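To start, the structure under review is shown below, and the notes come after it.
The values are calculated or read from the model by the stated rules, or taken from the named source; none is laboratory data. None of the values given here were measured: they were computed from a predicted structure. Every residue, glycine as well, gets a Cβ built from its backbone with ideal geometry; the counts of neighbours run over all protein chains shown.
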Amino acid sequence: MPPKIVPLALGILIIASSQIIAQQKPLSGSPTASPPATPTPRPLSPQQQQKVQEIAEKLQERTGNAAGKVFGAIQKQEGEVYLKFVYFLKPERLDPNSFASKDEITEWRKLLQDLKEKEATLETSYTNADLDLGTALIQQQISPPAAMQIKKTLLASFPWDAIKAKSQLMHDFLAEHSDLLDFFDQNWDSWKPGKEAHTAAFDNPDLAGKYEGLKNKITATSDQLKDKYQAMVK
């Protein structure tokens, strides 16, 4: 299952509604709240409490709409990358005996390139998340000061360290798998089935060593990537 990395908890959406409401201009159609006359706040009347609640609910709704637009797109892209990544994790992808002909290597290069392009699109979305979220909040008629505070709180909830590490590991994975396909292409038909399933044996010791080295690198990177995906949902 692709990771669910977009936390939209109720408390985050409200973002300390009373503080934001005090700092921002009223939402469109919302009543204007008068600032306190003295430094010591007075208890709100039932009517004032109701108005504050209405504004908080409207703020929550509009924040949810903006966050859903931006984070929903990122979540969709994460899912697409993850599913293609998992497909490359199948054991036969590391076994040259799984290729019926040399032409299949070209087809897998295309699939690897597709994964690379989707990863690039995802990384761009993360880079633009700050700007996109700010724009989406303003489009929901949330005042700029409030939008800035909401945006800061929502973006802070992202596991950015894990996201950046995962992106770098994905670059490594793509490069390593490309090297493996190059190896299969350059040494076509120099192998035979190994003793265990999804393994290959080479008469040439140098080729055997290089093949094992490429496989081990991909396996190690894959394991780290899976760990990062898990870290992103904690």
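A few notes on this one:
- Among the residues making up the range 199-226, those that are surrounded by 15 or more Cβ atoms within 10 Å (Cβ to Cβ), within 15 Å of residue 93 (Cα to Cα) and not aliphatic (A, V, I, L, M) are 199, 211, 215, 217, 221, 222.
- Index of the failed condition, residue 179 passing every other in (1) in contact (Cβ under 8 Å) with a residue 24 or more places away in the chain; (2) more than 17 Å from residue 108 (Cβ to Cβ): (2)
- Pairs are defined by a Cβ separation below 7 Å, a sequence spacing of at least 6 or placement on different chains, a first member in the range 43-71 that is more than 21 Å from residue 122 (Cα to Cα), and a second member that is part of a helix (DSSP H, G or I) and of a type in the set (S, T, N, Q); the pairs so defined are 52/18; 56/17; 59/17.
- Count of the range 195-228 residues which are in a strand (DSSP E or B) and free of Cβ contacts under 8 Å to residues at least 12 places away in the same chain: 1
- From the list 90, 51, 58, the lone residue that is closer than 30 Å to residue 191 by Cα, among the charged types (D, E, K, R) and at pLDDT below 95 is 90.
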